[in-house]
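Worksheet: one structure, shown below.
The values are calculated or read from the model by the stated rules, or taken from the named source; none is laboratory data. Fair warning: this is a prediction, and the values are worked out from it, not measured in the lab. Cβ coordinates were reconstructed from backbone atoms using ideal geometry, including for glycine residues, and neighbour counts include every protein chain displayed.
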Amino acid sequence: MALTFAQKERIVAEVAEVAKIAHSAVGAEYRGLTVEQMTQLRVEARKAGVYVRVVKNTLARRALAGTDFACMDEALTGPLVLAFGQTDPGSAGRVIERFAKDHKELQVRMIAVGGQLLDGSEIGKLAKMPTYDEAISQLMSVIRAPVQKLATTLNEVPSKLVRTLSAVKDAKEAA
């Protein structure tokens, strides 16, 4: 069934809106997947805060123009499913990588992060990126480490003095 011009405009507007706020995008060839498997992918993606959409390549080019994902323009060929990570950059990579392990038909073809187009083979790097909470936790531990070391060092001076005085006291009592 052919799409009307109004339907095409809505699709382009919807994908463009998502692309403006997304952190990363993954394009994967889905040839060979059943409808049930695609539905399963959509359910998993929705749970992880990832927007998944099968869009005609010409509409995708129009939607991605003027966004960080315009770099995907030349690579948009063949039947592709686009996944946009909305919660953090690694979310789309985690969902697609996990699903592709169980379904060999899903072939990752491209990844876009920060305006750079990466090869699909680098999906593991994207998937290993920390979530927002993990990144904040890592930052806080890096910030806390020097302060903790300073506090430990400053606390060591009186502790050493007390141990020295105790040793002197024990030595005098023994003599």
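List of remarks:
- Among the conditions (1) over 30 Å from Arg94 (Cβ atoms); (2) surrounded by 10 or more Cβ atoms within 10 Å (Cβ to Cβ); (3) basic (Lys, Arg), the only one that Arg144 does not satisfy is (1).
- Among (1) outside the structural domain of Val26 (by TED's automatic domain parsing); (2) under 30 Å from Ala13 (Cα atoms) - the single one Ser159 does not satisfy: (2)
- Residue satisfying all of: in the stretch 1-60; polar (S, T, N, Q) and over 22 Å from Val108 (Cα atoms); modelled with the highest pLDDT among these: Gln7
- Residue within the stretch 27-34 that is within 30 Å of Ala135 (Cα to Cα), more than 15 Å from the chain's Cα centre (by Cα) and not hydroxyl-bearing (Ser, Thr, Tyr) present: yes
- Of the criteria (1) under 19 Å from Glu9 (Cα atoms); (2) polar (S, T, N, Q); (3) buried (at least 23 other Cβ atoms within 10 Å of the Cβ), which one Thr67 fails: (3)
- Filtering the stretch 94-108 to residues that are touching a residue at least 24 places away in the same chain (Cβ under 8 Å), within 13 Å of Glu44 (Cβ to Cβ) and not hydrophobic (A, V, I, L, M, F, W, C) leaves Arg94, Glu97, Arg98, His103.
- Flag for Thr87 being in contact with a Lys or Arg (Cβ under 9 Å, 6 or more places away or on another chain) and in the same structural domain as Ala19 (by TED's automatic domain parsing): no
- Scanning the stretch 102-121 for residues that are under 15 Å from Met72 (Cα atoms) and not aliphatic (A, V, I, L, M) yields Arg109, Gly114, Gly115, Gln116, Asp119, Gly120.
- Residue in the stretch 122-142 that is closer than 17 Å to Gly27 by Cβ, of a type in the set (Gly, Ala, Ser) and outside any helix (DSSP H, G or I) present: no
- Taking the listed residues Leu33, Leu3, Leu41, the one that is under 23 Å from Ser121 (Cβ atoms) and either touching a strand residue (DSSP E or B) at 6+ places or on another chain (Cβ under 8 Å) or surrounded by fewer than 13 Cβ atoms within 10 Å (Cβ to Cβ) (or both) is Leu41, with no other qualifying.
- The listed residue being in contact with a Cys (Cβ under 8 Å, 6 or more places away or on another chain), under 18 Å from Val18 (Cβ atoms) and not acidic (Asp, Glu), out of Ala112, Ala92: Ala112
- Subset of the stretch 35-58 (residues that are within 19 Å of Phe69 (Cβ to Cβ), of a type in the set (A, V, I, L, M) and more than 18 Å from the chain's Cα centre (by Cα)): Val54, Val55
- Qualifying residues in the stretch 1-26 (those that are among the acidic types (Asp, Glu) and under 22 Å from the mean Cα position of the chain (by Cα)) - the one nearest to Val81 (Cα to Cα): Glu14
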